[in-house]
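Have a look at the structure below, then the notes.
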Amino acid sequence: MNNRLITIAIDGFSSCGKSTMAKELARRIGYIYIDSGAMYRAVTLYCLDNNLIENGEVHRNALAAAMDNIAITFMTNPSTGRQETYLNGVCVEQEIRSMRVSQSVSLVSQIDFVREALVAQQRALGQAKGIVMDGRDIGTAVFPDAELKIYVTASARVRAERRAAEMNDADIYAIERNIIMRDEMDMTRQISPLRKADDAIELDNSHMTIDEQNAWLEARYNETLERLNKQ
Ligand code: DC
């Protein structure tokens, strides 16, 4: 009985390859894939484009008033087969990955009402199960009852090297510093900090290839179905 739908939560540090493995599993098993980080990035882009961030501070009241005007949706690009993020109907997939957004996203993702709004949307997307969602608080806050939870780690140096290769950027040290800073902010923020859920399975993929990590995740998915079918 492999058609039972479950919820799969994949949390971990930035640039640790979570989304690569999450996307691939979703494709193979026909699940919806949601990149929750893209949603925080889209809100951050909205703030930057509307001058709601100045001197490293977010104008909280103005953002609170604007939250109802921020619509985030996902659509699959028919020519690439890849899922893309839309902000108020405009594709922002490239822009939300820029350094400008990466540098401000931790400020926005620590705001209580932003998290409440996005968590509500994430839960609505996962209502029917059959979903793989990656982020920081998916197994702890968004879907605490997820049947399969994974917590991914990799050393900051390995993550910086992977990021640099992706971005064609030789300044590994600057990237590593940004990664360490974001790890720190993600783990120490007051609301829903990054932490391993008690029932999550930890994966350190520092020394794994993409194929190895995909195979590892699929094995955990199959084990989970077997366990549930025995209950
Ligand atoms: O995974 P990412 O680097 O695209 O995430 C961007 C930022 O959003 C990151 O600084 C942490 C934050 N984030 C979060 O707070 N909660 C999530 N569920 C996902 C991302």
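The values are calculated or read from the model by the stated rules, or taken from the named source; none is laboratory data. Fair warning: this is a prediction, and the values are worked out from it, not measured in the lab. Using ideal geometry, Cβ is built from the backbone for each residue, glycine included, and neighbour counts are taken over all protein chains shown. In case anyone asks, the SASA skips ligands and DNA or RNA and just uses the protein heavy atoms, side chains included. Shrake-Rupley method; radii C 1.70, N 1.55, O 1.52, S 1.80 Å.
Brief remarks follow.
- Counting only helices (runs of 4 or more DSSP H) that fall entirely inside the range 2-82 and contain at least 1 residues that are touching a residue at least 24 places away in the same chain (Cβ under 8 Å) and either within 11 Å of the ligand (Cβ to nearest atom) or touching a Pro at 6+ places or on another chain (Cβ under 9 Å) (or both), the qualifying elements are 18-29, 36-49.
- Restricted to the range 120-164, and to residues there that are open to solvent by 20 Å² or more (accessible area, probe 1.4 Å), in contact with a Ser or Thr (Cβ under 8 Å, 6 or more places away or on another chain) and aliphatic (A, V, I, L, M), the residue that is farthest from S19 (Cα to Cα) is A141.
- Residue ID - surrounded by the fewest Cβ atoms within 10 Å (Cβ to Cβ), chosen from residues in the range 169-204 that are more than 14 Å from the ligand (Cβ to nearest atom) and under 25 Å from S98 (Cβ atoms): A170
- Inside the range 205-219, residues that are open to solvent by 10 Å² or more (accessible area, probe 1.4 Å) and part of a loop (DSSP other than H, G, I, E, B) make up a count of 4.
- Helices (runs of 4 or more DSSP H) lying entirely in the range 88-168 (those with 1 or more residues that are acidic (D, E) and more than 12 Å from the ligand (Cβ to nearest atom)): 112-125, 156-167
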